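Laboratory data are not the source of any read-out in this text; all were calculated from the coordinates shown. What you see is a predicted model, and the numbers here were worked out from it, not measured in a lab. Note that we place each Cβ from the backbone using ideal geometry, even for glycine, and neighbour counts take in every protein chain shown.
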């Protein structure tokens, strides 16, 4: 199949540091290429891929000091996609909602994965206006706030099997928190949990401009007043393997309807069990008692740390391999692509007219 993957321009694909959506776009793109498909990636020019790259900005917009407004750059990318849409059997969007009016004429061979929270009040009237656009959720819980829309399926995220190595015996005796410093991620809870049981806590996290006040007024003072807590800062992919792999457990103390929670399966890939609060996607991702422990309070989390530290890390890794590989993710998306009405009714005749064969079978 000829597949277009359309990524956000804020970060490169894969991102240099933080960037969950761009990371998933990268894993999916590379796996589709490995499965034998003809993939074109629309992304920033500093992206790295085995697919055909269409550079829609010189570098990731977040890293360009001359870029103050992302919108014009995104619109330029959309114009390039509109102009070339006829070249592809399937166009897969990962850019939220800006493209919806543009794709009306060929929506039946598109799919849009919604990577963010969907409970914001401004979103409901928008999705009511576009009930026909094919959508993919990244967890079933993510769908709950939505009006009736055209769901094509739920596809859980996946990681390359060799991305994060399994660590049978972690070298560190610490708990880990990895993500963003933000009120909904609740790093304050992580500090409270570690303090209750007297264990070291390492926090590796990005601080967005929008969350600087929260960091300065709430979290930074807590870090400074708790000698067992170390703030590591934002880390890259290479550092992540050691950070997660050498942790006794990952704390995921969220307080919001998490759409997926990529860090949970990153920890699982390392064999590191997850202690996670039962919100949003968490019960779908964590097999309670196998890959982690589901809790409802700081006290319950603290009481279960010792149990988590005794969990079989091989079983944690095995759960990751069974449920959250990049290959499984890619094959799930291929099933969705093949079931899009426009793939068979429009793309196939178009390809045949051009003397090409439309591969609708799984590539071995």
Pick out which of 165, 145, 221 has the largest mean-square fluctuation in a Gaussian network model of the chain, springs linking Cα atoms closer than 10 Å.
-> 221
Choose one answer from 239, 74, 142: the residue with the largest mean-square fluctuation in a GNM of the chain with alpha-carbon springs under 10 Å.
-> 239
Rank these for me by crowding, 29, 21, going from fewest to most other beta carbons within 10 Å.
-> 21, 29
Order by neighbour count: 290, 54, 25, 285, fewest other Cβ atoms within 10 Å first, most last.
-> 290, 54, 285, 25
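Show me 65-72, 194-201 ranked by packing, highest mean number of other Cβ atoms within 10 Å first.
Numbers: 65-72: 9.8, 194-201: 17.4.
So the peptides 65-72, 194-201, ranked by packing, come out 194-201, 65-72.
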Round to the nearest 10 and give me the degree value, 0 to 90, for the angle of helix 326-339's Cα axis relative to the longest principal axis of the chain.
-> 30 degrees
Taking the chain as the reference, fit the longest principal axis to its C-alpha atoms, fit the long axis of helix 313-323 to the helix C-alpha atoms, and give the angle between the two in degrees, 0 to 90, nearest 10.
-> 20 degrees
Tell me what the chain gives for mean residue ellipticity at 222 nm when only DSSP H runs of n ≥ 4 count, each as -39,500 (n - 2.57), the sum divided by the residue total, rounded to 500 deg cm²/dmol.
-> -9000 deg cm²/dmol
Any idea what angle helix 187-197 forms with the longest principal axis of the chain, computed on alpha-carbon atoms, 0 to 90 degrees, nearest 10?
-> 30 degrees
Between region 9-75 and region 99-140, what is the C-alpha centre distance in whole Å?
-> 20 Å
Rounded to whole Å and sorted largest first, list the principal axis extents of the Cα atoms in region 175-323.
-> 41, 28, 28
If we restrict to alpha carbons, what Rg and Dmax does region 56-197 come to, in Å?
-> 19.8, 59
For the chain the mean separation of alpha carbon contacts under 8 Å (6+ apart) over residue count, i.e. relative contact order in percent, is 16 percent
With Cα springs under 10 Å, the Gaussian network model of the chain assigns the largest mean-square fluctuation among 315, 240, 212 to 212
Label points 7 Å out from Cα along the Cβ direction at residue 303 and residue 288: separation in nm?
-> 1.4 nm
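Which of 287, 50 comes first, and how do the rest follow, when ranked by fewest Cβ neighbours within 10 Å?
Values: 287 16, 50 12.
Result, fewest neighbours first: 50, 287.
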